[in-house]
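The values are calculated or read from the model by the stated rules, or taken from the named source; none is laboratory data. What you see is a predicted model; the values in this text were computed from it and never measured. Virtual Cβ from ideal backbone geometry, glycine too; neighbours counted across all protein chains shown.
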Amino acid sequence: MGNRRLLFLLGVLAVNFLLFQSILVPYGNGNAPWSSVPQKYDNVRLSLHSTPKYFTVRNPPTGTVSGFSNSSAFIATVQKVHIPIVVDEVGHGKKKGMHNNVKGGLVSERNGSDDNVFEHGADRNDVRSLSEKKDVGKGDRLELESVGSKNFIADSAKGSKVDFSVKQFLETKRGASRLVKDNNMDSREHDGVGVHTSDSSTFSTNLENSPQKIVFSASDNSTAVSIPRRKMRCMMPPKSRTLIGEMNRILVRKRASARAMRPRWSSKRDLEILAARSEIEHAPTVTHDKELYAPLFRNLSMFKRSYELMERTLKVYIYKDGNKPIFHQPIMKGLYASEGWFMKLMEENKHFVLKDPAKAHLFYMPFSSRMLEHALYVRNSHNRTNLRQFLKDYTDKISAKYRYFNRTGGADHFLVACHDWAPYETRHHMEYCIKALCNADVTQGFKIGRDVSLPEAYVRSVRDPQRDLGGKPPHQRPILAFYAGNMHGYLRPILLKHWKDKDPDMKIYGPMPHGAASKMNYINHMKNSKYCICPKGYEVNSPRVVEAIFYECVPVIISDNFVPPFFEVLNWDAFSIILAEKDIPNLKQILLSVSQEKYLKLQLGVRKAQKHFFWHVKPLKYDLFHMTLHSIWYNRVFQIKVR
């Protein structure tokens, strides 16, 4: 009996011992007696201080690099948490990227070949890197945000110095982030991760079973992280494509059934808009007009009647809330000038604007998406969540202060934004508002029949927006097709691959040199070309569409999923050619198939359409300001629901 009790006690002690060892192993304080270390790791050497300095990586497994007497202890620990180790070479040089500067905190080295890591346009794809922080020292915490909501957190504690080298971004696939090894590692092992010690030896880890695969380095004085850049969304073809024919069908369906939220309580203004809709639908037939060119419009009669009712009926209330520079401070020059010109002219307008919100049909939220980015975006952070949160807070504020937003869920509110990030910044909290956007991409939430495609007009002179207007007559344009520009996005390189230096009639170039002479050369090419190619860049929109109209060159739009400006009222077939991206190899053949008679009609349509794409210091009838406001009004009329 006594022997059985003794054996039982010994068994309990053995189990407890094994459990105790299994608890100690992941934290680096013991060696499992059953663990075996492969022979190939015997040469791995770690130079780690015996002091309490440590570096912890959690994503999600947690481990500390401390208290190891030899490499076997560390390897056994890593194996316990399913981190197989492979040997790397010794003696890596200093890595370029983000590093900890004693004086300036985290700084970025963007020299030489590393410039392409943070190339222009990467911010548009929700890719994130280390935020800029200063004075990294004792107890400081650095966050590396990957795509989505998962965080890679590195803690430096008890006076240890940490040196982060961020060379590439996270690559995401099916919800899991994948880090690729440094260039010094074999290209076949890109799923591996390199960890190196600057003084003695280097080792690497591969987190096969964890949600993210991590590349990091540990050493006496510094730890380097090497992260690959994932392929940006704007550098890849879209997963779905909506061509112009399908867009026309979507518009017809949206006109047949309103999708706006039913208001919580009735309003006299809703009844006025409903009456206007009836008049527009039963507008008297108009075939010719002195001021309007009939072929430009889907339905000239409806447009003319709608425009007249807008001038007679529409009243807009502009929220005074919000401070400069994000609110009430228009940008009047450059690529994003359209939102600034509208803001300025709208706030100065006395015909449409009133001070009593109870009498308004529409409500304008006067913010600048360009100034929002300028004021709040942390450069190279690749994190735009604070911009979206800022607009959400603004929406919450006006919803709490005024009762009008909540009445319709924002369906009678509108915004005008030309920055590429505007679709992301206004998502969810402004989902039911009417959005006038330059980035009119159906794959990014643009709603045909509710939202408005805003022309991206590049304004070079505020005093004279129509400077250099016009071009050569049709018979004096010797160039068949012209394009010149940067290689933004995935589509433009394809265009140049097929047509650059391939045909004398096709003047297809890459970026032109900087300077005034180059700018005039670009303008002269447009003035002397029959067709101006307008391919998408990082986003679907391009200022070349308006530039082509400006210089009387027939625009050839090549951008799947792009909704052309004022799509609800204009007939783009009358003054442009819209091609699918897959048609690039047959571009010349398609252009030559257009008869001379058809080309002359297209070129006439371009000249007639010019007046609708001009900004004026004092707005004129049917100009860009009035066309934008009309499309907002028009879409509200056909989306309204009454209580």
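One table, with the values for the structure above:
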| item | result |
| --- | --- |
| Filter pass, residue 591 being within 18 Å of residue 482 (Cβ to Cβ) and buried (at least 20 other Cβ atoms within 10 Å of the Cβ) | yes |
| Matching helices (runs of 4 or more DSSP H) fully within the stretch 526-643 where at least 3 residues are under 30 Å from residue 261 (Cα atoms) | 624-639 |
| Scope the stretch 319-341; condition closer than 26 Å to residue 361 by Cα and among the hydroxyl-bearing types (Ser, Thr, Tyr); matching residues | 319, 338 |
| Elements of type strands (runs of 3 or more DSSP E) contained in the stretch 376-484, each with 2 or more residues being over 17 Å from the mean Cα position of the chain (by Cα) | 413-417, 479-483 |
| Count of the stretch 522-545 residues which are farther than 20 Å from residue 592 by Cα, crowded, with 24+ Cβ neighbours inside 10 Å and hydrophobic (A, V, I, L, M, F, W, C) | 2 |
| Exclusive hit being in contact with an Asp or Glu (Cβ under 9 Å, 6 or more places away or on another chain), at pLDDT 95 or above and not assigned by TED's automatic domain parsing to the domain that holds residue 333, set 580, 548 | 580 |
| Test result for residue 372, touching a Leu at 6+ places or on another chain (Cβ under 7 Å) and hydrophobic (A, V, I, L, M, F, W, C) | yes |
| Filter pass, residue 385 being closer than 30 Å to residue 428 by Cα and among the polar types (S, T, N, Q) | yes |
| Conditions (1) surrounded by 22 or more Cβ atoms within 10 Å (Cβ to Cβ); (2) touching a residue at least 60 places away in the same chain (Cβ under 8 Å); (3) of a type outside the set (Lys, Arg); (4) touching a Ser or Thr at 6+ places or on another chain (Cβ under 9 Å): number failed by residue 557 | (2) |
| Selection within the stretch 460-484 - modelled with pLDDT under 95 and buried (at least 19 other Cβ atoms within 10 Å of the Cβ) | 465 |
| Hey, residue 544 more than 21 Å from residue 246 (Cβ to Cβ), touching a residue at least 24 places away in the same chain (Cβ under 8 Å) and more than 27 Å from the chain's Cα centre (by Cα) or not | no |
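Listed here are the residues, each with its yes/no results for (1) surrounded by fewer than 23 Cβ atoms within 10 Å (Cβ to Cβ); (2) on the phi < 0 side of the Ramachandran plot; (3) touching a strand residue (DSSP E or B) at 6+ places or on another chain (Cβ under 7 Å).
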{"position": "602", "(1), (2), (3)": "yes, yes, yes"}
{"position": "605", "(1), (2), (3)": "yes, yes, no"}
{"position": "613", "(1), (2), (3)": "yes, yes, no"}
{"position": "620", "(1), (2), (3)": "yes, yes, no"}
{"position": "624", "(1), (2), (3)": "no, yes, no"}
{"position": "628", "(1), (2), (3)": "no, yes, yes"}
{"position": "634", "(1), (2), (3)": "no, yes, no"}
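Rundown of residues vs (1) in contact (Cβ under 8 Å) with a residue 24 or more places away in the chain; (2) farther than 22 Å from residue 331 by Cα; (3) not assigned by TED's automatic domain parsing to the domain that holds residue 607, yes/no style:
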site	(1), (2), (3)
429	yes, yes, yes
456	yes, no, yes
466	yes, no, yes
494	yes, yes, no
497	no, yes, no
505	yes, yes, no
512	yes, yes, no
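Condition check ((1) among the small types (Gly, Ala, Ser); (2) within 24 Å of residue 294 (Cβ to Cβ)) across all residues:
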position	(1), (2)
533	no, no
563	no, yes
567	no, yes
597	no, yes
600	no, yes
605	yes, yes
